[in-house]
Amino acid sequence: MSIAWTGRRATLLLVAGVAGAAVALWWLGAALSAPVPRALGPPPAALGDGVEAVVFPSDSGSAIHAWLVPGRPGCGAVVLAHSVRSNRLEHVGRGALLRHAGFASLLFDAQAHGESPGERITFGHREALDARAAVDWLHTRLPGEQIGYLGVSQGGAAALLGPSPLPVDALVLEAVYPTLAEAVTARIAIRLGPLAPVLAPLLLLQVPARLGVDADAIAPIAGMPHIAAPLLLIAGEDDRHTPLAQSQRMFDAAPEPKSLWVVGGAQHVNFERAAPEEYARRVLAFLTASLRGNGACDGL
C-alpha cells in the first residue's frame, strides 16, 4: 500500500469521524430540546381534597396546565416550577408539605413539558414567560395572598430570565445554573470527562437555530442582581450538574435579603428528599417569614 493511499485513507477516516460526530451532536441537540409530553391524570391523593385542574395562557404560546392546591386564607401561596424534562408531579411532595402548613400552591407544567404543549424545550428562555404567567394567574385568582415562587433547576432559571423581576414576595431557588454554557459543559463532563470543553461549544452552536436565541442570552445569573424579593438559595454539596462554586456565584450576585443553604452530601435537585426534615424546617420558616409578615393567617 502506497504512502499516498495511506494518507488519503487517513484523511477520509478523519472526515468521516468529524461528520459522524457532527451528526451525533445534531441528534443530541434535537433529543435534548424535544418536548416531553405526558398525560398526568387526576391530581395525586397526596395533595389532599379540593385540588383544581386549571389552564391559563402564556406568552410562550402555550396553554399552561396546572393544579391549584387550596390553603388557608391569609396564609400565602407558592408557585412551584419543575426542572427540565420533568413536570408538575415533581412537586407533589412540596405541594403536600405546603398544604399541611396552610399555604396554597400552584403546580404547573412549563411549555413543552407534561400537559402543556410546546415545540421544544428552551432551558428557561420561553419557560420564563410561563413562570410569569403562573405568578400573574395566581395573583388574579388569590388577590389577597402574598405570593412566593419555588423553582428547581430550569424552573429556577425561568424566574430569572424574564424581561423584569417576578412580582413575588419570596423566592426559593434550588440548584440553578448560572449560564446555559456552564450547564451544558457540566453535564457533558459527567459523561465524557475531558471531552466536555471540546464538545460543549459544538453543541451550543445549535442553540440559535433550535431555540431562536443566542446561548449567551440564557444566563440566569444576569437576573440575580434584579431580584425584588427575599431569596433562599439551596445548593447540593456534591452537585455535579450545578457545582457548589457556581451556586456560590449565583448567591454572591443577589441583593439582600438573602440566605444560602448547602445541603450536605446532596447531589442535583430533589433536596426535599435528601434532607426532608431540615428542608421542611428551613423552607417553611423562610416562606412563613416572607409571606405572613402581617400575621394574618386564619387558623394558625
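Just so it is clear, none of the values below were taken in a lab; they were calculated from the coordinates. It should be emphasised that the depicted structure is a prediction, and the values quoted were computed from it without experimental measurement. Neighbour counts are summed over all protein chains in view; Cβ atoms, including those assigned to glycine, are modelled from backbone coordinates with ideal geometry.
Details
- Selection from Gly74, Asn87, Gly144 lying farthest towards where the dipole of the chain points positive, charges on Cβ: Asn87
- Three-way shape label, the range 61-215, alpha-carbon gyration tensor, a/c 1.5: prolate
- About the centre of its Cα atoms, the range 90-210 shows a dipole size close to 260 debye [charges on the beta carbon of Lys, Arg (+1) and Asp, Glu (-1) only; nearest 20 debye].
- Value of D in µm² per second that Stokes-Einstein yields for the range 119-195, Kirkwood Rh from Cα pairs, at 4 °C (1.567 mPa s): 95 µm²/s
- Principal axis box of the range 73-162, alpha-carbon based, largest edge first, Å: 38, 24, 21
- Computed packing ranks the peptides 244-251, 68-75, 157-164 as 157-164, 68-75, 244-251, most packed first, by mean other Cβ atoms within 10 Å.
- Dimensions (Å) - the range 148-233, Cα atoms, principal axes, largest first: 42, 26, 17
- Convex hull volume of the Cα atoms of the range 229-300, normalised per residue: 88 Å³.
- With helices as the sole contributors, the chain gives -12500 deg cm²/dmol at 222 nm; each DSSP H run of n ≥ 4 counts as -39500 (n - 2.57), and the sum is divided by every residue.
- By the combined test of axial Cα extent (at least 30 Å) and Kyte-Doolittle hydropathy (mean at least 0.5), the qualifying DSSP H helices of the chain come to 3-33.
- Look at His113, His100 and count the other Cβ atoms within 10 Å of each Cβ; fewest to most, that gives His100, His113.
- When the chain is treated as a GNM with alpha-carbon contacts under 10 Å, the residue of Asp49, Asp130, Asp238 showing the greatest mean-square fluctuation is Asp49.
- With the charge dipole of the range 96-233 set up from +1 on Lys and Arg Cβ and -1 on Asp and Glu Cβ about the Cα centre, the Cα lying farthest toward the positive end among the listed residues His113, Leu204, Ala228 is that of Leu204.
- Cα-based shape type of the range 41-99, given that a ≥ b ≥ c are square roots of the gyration tensor eigenvalues and the cut on a/c is 1.5: prolate
- For the chain, size of Cβ-based charge dipole, Lys and Arg +1, Asp and Glu -1, in debye: 780 debye
- Based on the Kirkwood approach, the hydrodynamic radius assigned to the range 211-260 is 12.0 Å, with every pair of different Cα atoms included.
- For the chain, the Kirkwood hydrodynamic radius comes to 20.1 Å, computed from all pairs of different C-alpha atoms.
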